[in-house]
Each structure stands twice: as C-alpha cells, then as structure tokens.
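Q: Below are the structure tokens for one structure; questions will follow.
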Amino acid sequence: MGTPKQLLPWRKTFILQQVIENAQASRLGMILLVLGSHADEIAGKIKISSKTRIVINRDFKEGMSSSVKYGVKNAPEAAEAFMLLLGDQPSIDPDIINKLIDCYQTDKHGIIIPIYDGHRGHPVVFDVKYKQELLAIGDGGAKVVVDNHVRDILEVHVDSVEVLTDIDTPQDYQNAIGKAKDQQ
C-alpha cells in the first residue's frame, strides 16, 4: 500500500480507528489491540476506551499468526473466549460482533464463524479451551485450529458481505470506500 493501511482514511476517521470504535461499541468485555509494524505511529493516532488495551507484537515480521498468538498470550486469565477481529475490516459493525457473542453464549459451540453466501469469514470466536492450540499455530494460522475441530464449529449466517472483505490492496481499498459511500 505504500503506507500503513490501518491509517488510510475511512469515513470520518481512518480504517483501524473505525474497527476499534465498532469493537468498543459492541458487548465485547475487553479488547486487546495487537499492533505490529508501525506500532508507535499507529498508537499515537488512535483513540481507545478504558476497555481497550494496546500490546505491541515485536515479532510481527513472522506473520499474522504471531499477532494472534501475542493477543491470546496477553489475554486476561479470566477470558472465556477469544474473538479474532481483523484490523482491516472497518465495516464489521457492532451488530455482527454481538450476534457472534450471542451465538457463542447460547449455543456453547467452541468455534463460531460468520457465513455469508456459503463462505466463511471473520471475525471468528474461539473458546478458551483452544488457547494452547492457538499459541502453537504457525504459517497456517488459526485455520489449522478450525480444521482440527470441525465438529465444534457453529456457522452463523449473516447478511453482510463485509465478513468476507478485508483490505489488502489499493483496489480492495477503493472497492471498500465505494461500498461505504453507498451505505451512508
């Protein structure tokens, strides 16, 4: 992207700030924001509430799995589950997050995955019983844990294509901006 994508303009703010605001507006108990590349620059620009804590993953060059592991390792001992939210999905609104929380709390499945049009997306909820497996993931990411526990999965149908959409390229960003303008 040529610049930290988390800081690209998004509506009246920037991408990561929108993700943070959506998470903070949800019923998540605590939010652990894992920053890696450009951590100091990003941390200096974001605004967080008292239910959000920032941790810095100095091993970010090892890939996204290192950030997942860092977040899980630094989660409170009392955590019942981990929701993995991506920092480049600003259109995941609090309603989607809350729906996944509700499904986790009522259905007691170990892994909750949103589904749109037959495709799995993000964010994903993992029960704390998968903590050690999440801490051991490698290049395959948390998908390895999902693949190892297919019977524990609850697929939750959502009416939002945004669970499938993240921003990895300039074209992804332009497409997302266009969709966001259409939804205002």
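The values are calculated or read from the model by the stated rules, or taken from the named source; none is laboratory data. Predicted model, so just to flag it, every value in this text is computed and none were measured. Every residue, glycine among them, receives a Cβ derived from its backbone with ideal geometry; neighbour counts consider all protein chains shown. Areas reflect the complete protein model, heavy atoms only, side chains present, ligands, DNA and RNA absent. Shrake-Rupley method; radii C 1.70, N 1.55, O 1.52, S 1.80 Å.
Q: Return the residues of region 108-135 that are among the small types (Gly, Ala, Ser) and under 19 Å from the mean Cα position of the chain (by Cα); say none if nothing qualifies.
A: Within region 108-135, 110, 121 qualify.
Q: Just to be sure before I move on: is residue 146 among the hydrophobic types (A, V, I, L, M, F, W, C) and closer than 21 Å to residue 115 by Cβ in the structure I sent?
A: Yes: the conditions hold for residue 146.
Q: Shifting gears a bit: Inspect region 125-144 for any residue being small (Gly, Ala, Ser) and at positive phi and give the result as yes or no.
A: There is at least one residue in region 125-144 that is small (Gly, Ala, Ser) and at positive phi.
Q: Of (1) open to solvent by less than 20 Å² (accessible area, probe 1.4 Å); (2) free of Cβ contacts under 8 Å to residues at least 40 places away in the same chain, residue 23 satisfies all except one. Which?
A: (2)
Q: Where in region 54-140 are there helices (runs of 4 or more DSSP H), lying wholly inside it, with at least 2 residues that are over 30 Å from residue 180 (Cβ atoms) and open to solvent by 70 Å² or more (accessible area, probe 1.4 Å)?
A: Filter on region 54-140 gives 94-107.
Q: Select from region 141-165 the residues that are free of Cβ contacts under 8 Å to residues at least 40 places away in the same chain and open to solvent by less than 50 Å² (accessible area, probe 1.4 Å) and write down the one among them that is farthest from residue 86 (Cα to Cα).
A: 149
Q: Which is closer than 17 Å to residue 137 by Cα, in contact (Cβ under 8 Å) with a residue 24 or more places away in the chain and under 14 Å from the mean Cα position of the chain (by Cα), of 63, 87, 71?
A: 71
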